[in-house]
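**Q** Structure in structure tokens, see below.
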Amino acid sequence: ISLIMIKINRLIIFLPFLILGCSQNVIEENKVIQKIESLDMNIFSKKGDKIYSITSSNSSYNKGELKFEFKKPTINIFKGDQTKYIISSEESTLSNNNKLLKLKGNVKLKTIKKDEDTLYADNFIWNIEETNYLLEGNIKFENQNVILNSSKAKLGSDNIIEFFNPVKYVIKDINKENKYEINSENAYYNLTTESVSFKAKDKRVKSIIYF
């Protein structure tokens with residue numbers, strides 16, 4: 001059994017699967033919902049590895065549903081001791097026995113690298129027991145080389161973003177201006193190799209572009 005530890009008011013709640021370390025100020029409490037300000041939460045695996053952190057200036061915890069709700073959160077996802085992605089949104093929930101993280105409204109995911117990659121969406125869904133992140137609604141990926149748009153995308157642990165059909169992509173020129181625009185079926189952008197590939201329904205690779 002894992003614990004939530006809150007430094008102020010010393011509230012202890014028994015939760016499965018994850019260890020959550022919190023530093024927060026409780027400003028209102030009733031039988032079901034506890035209002036919190038200036039929340040800074042770290043989520044660890046059962047082995048003690050930090051999975052991600054959440055900060056929010058306006059949040060609440062529903063004791064009956066065992067669910068956190070965050071307003072304008074900033075979430076850091078870790079790989080080892082290093083931040084891998086930084087995500088922000090209008091609101092977020094942590095539910096389903098603390099295994100399901102959902103972000104909604106103006107979702108923005110950034111990579112931590114010199115030439116920053118940015119992924120925008122309406123919604124972000126992550127089952128913490130899995131390694132894939134699902135993004136839905138008005139997907140836009142952009143960096144210094146390319147822009148890709150679709151209505152649905154999936155980011156895997158292999159650093160490959162899959163954009164689901166239909167996909168529109170724009171290649172930028174040396175001045176970082178839009179050079180040409182093409183529509184395609186599913187597209188795959190590799191964040192590690194900085195390449196994009198396109199596949200038809202029969203899964204054969206139609207083209208690969210390296211930047």
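The values are calculated or read from the model by the stated rules, or taken from the named source; none is laboratory data. Note that the structure is a prediction, hence the values are computed from the model and not measured. Quick reminder, even Gly has a Cβ in these numbers, built from the backbone with ideal geometry, and neighbours come from all protein chains shown. These area figures cover heavy atoms from the full protein model, side chains too; ligands, DNA and RNA do not enter into them. Shrake-Rupley method; radii C 1.70, N 1.55, O 1.52, S 1.80 Å.
**Q** Can you pull out the residues in segment 101-151 that are among the β-branched types (Val, Ile, Thr), at pLDDT below 95 and more than 27 Å from Phe44 (Cβ to Cβ)?
**A** Within segment 101-151, Val146, Ile147 qualify.
**Q** What about Asn186, is it touching a residue at least 60 places away in the same chain (Cβ under 8 Å) and either open to solvent by less than 70 Å² (accessible area, probe 1.4 Å) or among the basic types (Lys, Arg) (or both)? Spell out the reasoning first.
**A** Details: touching a residue at least 60 places away in the same chain (Cβ under 8 Å): no; either open to solvent by less than 70 Å² (accessible area, probe 1.4 Å) or among the basic types (Lys, Arg) (or both): yes.
Criteria not met by Asn186.
**Q** Name the single residue, out of those in segment 90-100 being at pLDDT 95 or above and within 27 Å of Lys46 (Cβ to Cβ), that is nearest to the chain's Cα centre (by Cα). Write out each step before concluding.
**A** If we filter segment 90-100 for residues that are at pLDDT 95 or above, which is where we start, we get 90-93.
From what is left, the residues that are within 27 Å of Lys46 (Cβ to Cβ) are 92-93.
Numbers: Ser92: 10, Thr93: 12 Å.
That would be Ser92.
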